């Protein structure tokens, strides 16, 4: 008889991956075994949880309800097991965390070796990308997020600040002039970040609350800040990015910060987000404290 908790984990992972074969790979089992686990769940419950075709896998209405219940049950099970492990004063197990690509490469990835040295029984899975992730649905232990947080059932801890900077290369400014007012930006080549709601729509926001909107245009849009940084370093145009992306170029003089007649938008801070509940696994608590301490040392 198949273990019910394992079957639930397969079902949750299949919903996140969009396929049973993907769930099998993540859980180190064959596609046939993953399929058998979900089949067993459906037979036990007497309902269909998944619509399956050769191309895609989708949840039924009942499957969506059952998915939420499975996530809660498995999270509570993991917390109980973690509490038992914590009695041995050891952080153990797989820690899955997601962070924005550019920030993660600069500040999170370099911290992992020291963390795993301090906690040798913890295995870290670090996912770096700029697309929005769902911590509960996608099974993450931690999310690193930058900006103002939306209302959420998740818990969060602020671990740093994230000021915005508008800047360009000296060569670009020498050719096209240095804007002094935000209204002058419409006459410049402004390179925009497509994952920002404002910049994606052809406007840049100024003022602490972003209540001053300036229409801009430019010959490059990208979904990654480092791509825009590279273009700015090659004198292609002006960029409006978080300080952590442009700090080294500003310090070296390769980019120059513009002083305009309105302050940059305040996009909020850097946060580590984690599931709700009273009990956090020791591995999660250890990583949160470690990130807060290490990132708190940054200027």
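The values are calculated or read from the model by the stated rules, or taken from the named source; none is laboratory data. Note that the structure is predicted; figures quoted are calculated from it, not measured. FYI the Cβ positions are ideal-geometry reconstructions off the backbone, even for glycines, and counts take in every protein chain you see.
Restricting attention to the stretch 270-281, does a residue exist that is over 30 Å from residue 114 (Cα atoms) and not in a loop (DSSP other than H, G, I, E, B)? Scanning the stretch 270-281 turns up no residue that is over 30 Å from residue 114 (Cα atoms) and not in a loop (DSSP other than H, G, I, E, B). Picking from residues in the stretch 196-210 that are within 10 Å of residue 265 (Cα to Cα) and surrounded by fewer than 16 Cβ atoms within 10 Å (Cβ to Cβ), the one that is farthest from the chain's Cα centre (by Cα) is 207.
Give the residues of the stretch 211-232 that are surrounded by fewer than 18 Cβ atoms within 10 Å (Cβ to Cβ) and touching a residue at least 40 places away in the same chain (Cβ under 8 Å), sorted by residue number. Correct list: 212, 223, 224, 226. Please pick out the residue among 90, 65, 79 that is modelled with pLDDT under 90, part of a helix (DSSP H, G or I), within 28 Å of the chain's Cα centre (by Cα) and over 30 Å from residue 224 (Cα atoms). Only one candidate passes the filter, namely 79. Being surrounded by fewer than 13 Cβ atoms within 10 Å (Cβ to Cβ), out of contact with any helix residue (DSSP H, G or I) (no Cβ under 7 Å at 6 or more places or on another chain) and at positive phi narrows it down to one of 28, 51, so name that one. Criteria check complete, one pass: 28. Between 112, 159, the distinction of being in contact with a strand residue (DSSP E or B) (Cβ under 8 Å, 6 or more places away or on another chain), within 24 Å of residue 297 (Cβ to Cβ) and assigned to a strand (DSSP E or B) belongs to 159 only.
When residue 17 is tested against (1) over 29 Å from residue 276 (Cβ atoms); (2) without any contact (Cβ under 8 Å) to a residue 12 or more places away in the chain, only condition (1) is not met. Scanning the stretch 142-188 for residues being without any contact (Cβ under 8 Å) to a residue 12 or more places away in the chain and more than 29 Å from residue 100 (Cα to Cα) gives a total of 4. Residue count for the stretch 1-20, restricted to those that are surrounded by 16 or more Cβ atoms within 10 Å (Cβ to Cβ) and part of a helix (DSSP H, G or I): 12.
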